[in-house]
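Here the structure is laid out as structure tokens; the discussion comes afterwards.
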Amino acid sequence: MAKDKTIFTCTECGGTSPRWLGKCPACGAWNTLIEQVADAGPGKNRYSGAQFAGLNQSQAVMPLSAIEASDVDRTPSGIDELDRVLGGGIVEGGVVLIGGDPGIGKSTLLLQALDALQRAGLPTLYVTGEESGAQVALRSRRLGLDHSQVNVLAEIQLEKILATIESMQPAVAVIDSIQTVYSDQLTSAPGSVAQVRECAAHLTRCAKASGVAIVLVGHVTKEGALAGPRVLEHMVDTVLYFEGDTHSQFRLVRAIKNRFGAVNEIGVFAMTEKGLKGVSNPSAIFLSQHSEPVPGSCVMVTLEGTRPMLVEIQALVDSAGPSPRRLSVGLDKDRLAMLLAVLHRHAGVACMDQDVFVNAVGGVRISEPAADLAVMLAITSSLRGKALPQGFLAFGEVGLAGEVRPAPRGQERLKEAAKLGFRIAVVPKANAPKKPIEGLTIHAVERVEEAMNVVREIG
Ligand code: TYD
Ligand code: MG
């Protein structure tokens, strides 16, 4: 095949250059030029090949009401917790991007899912660019999938992968990983922004045109973003992230974008000797088991997706050097700075000369502000060296004026906590249930200082 000409385009101003340059000749920005295939001109668009025929049929303009609103068909993957995050199952022609740290279990989960689909009679294809076929086979034996009929292709060249998908027409194809795939059309190295973007775009078009569901595996950088361009997230239908501490047993899969279902739904898995097993009742897995209450620990109930989960928030406040440190794991760092300011201004708790570390136990990431009250109580408890009582929990968003705002679906959170034997709860006033919950004493508060007083009285 004749190579298309490539050009370099500036990501800042859109200016072009025939060669790679460190500095954009148009706007002067540094390191912004990325390689792209030059447009082949009218009528010779590089996407007009047979495999993209589905996209080239022009359709008549019609009012929305005249278009049939057919619901998408979903095929359950056979792994309940994965289906939960996907919104019910894999969608025909849908493209899923699944990201996560190395070693967290992406390949394991996808191999398990493909095997389940294949057993259900659907043809599947696993394209491996990181491991050899033998390594994949070894993994499948370890997973107990001895007679697996999943088709494996060890290949990293995009054109060959597309040709195989075209000829084989599997129901689901997994590309593990998109960073290893490269296109002949570009000279940049596999894994570069240009390659990842170009390959993902081709695979997405292939999925839409052929109806094959494609799952792209993506690596995550140290900063937690998907390596390569964020544009990948815009191209695909669903973005899933694996979370959790690789040293702990539990893994979360979170949907952060889903064109076919709810976002922020989470699937919970435990890594075992025989692969990932779904955890259908995960409410208590993020609690550490202290035999006695310890200072600096406060339990909260998060509710992301449909299930409430209890998570222990830990804080350590320790005298600091000239520039005190603020560090958070699993919680937003900027929010921590804000909470410390509110704590000082509205509750008179000063941590100016202290290092403050906070951590959500088990590698879980909490993005909802309902964690605020628990973070503040854990910090105060560590600063004073005084543990919160046994069976204590708190949740609620805290505002800059020191007010405590309600969390969505407070009743559900409290009921789950009561079920797990929690006895005392400090919650926002608007979340206080009308009918008492058996076994749970509820202190409803409107302000941070009230919450501090409650804790002082019961402690
Ligand atoms: P893997 O799926 O290779 O991670 P990723 O594709 O996200 O990089 O996960 C590999 C890790 O999981 C590795 O550290 C070993 C562990 N593991 C198990 O504990 N049990 C198993 O059955 C398998 C296959 C892997
Ligand atoms: Mg892998």
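Observations on the structure shown:
- Tally of residues being surrounded by fewer than 17 Cβ atoms within 10 Å (Cβ to Cβ) and in contact with a strand residue (DSSP E or B) (Cβ under 6 Å, 6 or more places away or on another chain) across the stretch 407-419: 2
- Subset of the stretch 112-130 that is in a helix (DSSP H, G or I) and buried (at least 23 other Cβ atoms within 10 Å of the Cβ) - its residue that is nearest to ligand 1 (Cβ to nearest atom): Gln112
- Of all positions in the stretch 101-111, none carries a residue that is in the same structural domain as Ala262 (by TED's automatic domain parsing), under 23 Å from Pro282 (Cβ atoms) and away from ligand 1 (no atom under 12 Å from the Cβ).
- Per-region count, the stretch 80-107, residues polar (S, T, N, Q) and either touching a Phe, Trp or Tyr at 6+ places or on another chain (Cβ under 6 Å) or under 14 Å from Gly267 (Cβ atoms) (or both): 0
- Residue match in the stretch 138-148 (condition: assigned to a loop (DSSP other than H, G, I, E, B), touching a helix residue (DSSP H, G or I) at 6+ places or on another chain (Cβ under 7 Å) and closer than 16 Å to Leu276 by Cα): yes
- If you check Ala134, Ala200 for being at negative phi and either surrounded by 22 or more Cβ atoms within 10 Å (Cβ to Cβ) or assigned to a strand (DSSP E or B) (or both), only one passes: Ala200.
- Condition broken by Val85, with the remaining ones in (1) more than 12 Å from ligand 1 (Cβ to nearest atom); (2) part of a loop (DSSP other than H, G, I, E, B) satisfied: (2)
The values are calculated or read from the model by the stated rules, or taken from the named source; none is laboratory data. Computed from a predicted structure; not experimentally measured. FYI the Cβ positions are ideal-geometry reconstructions off the backbone, even for glycines, and counts take in every protein chain you see.
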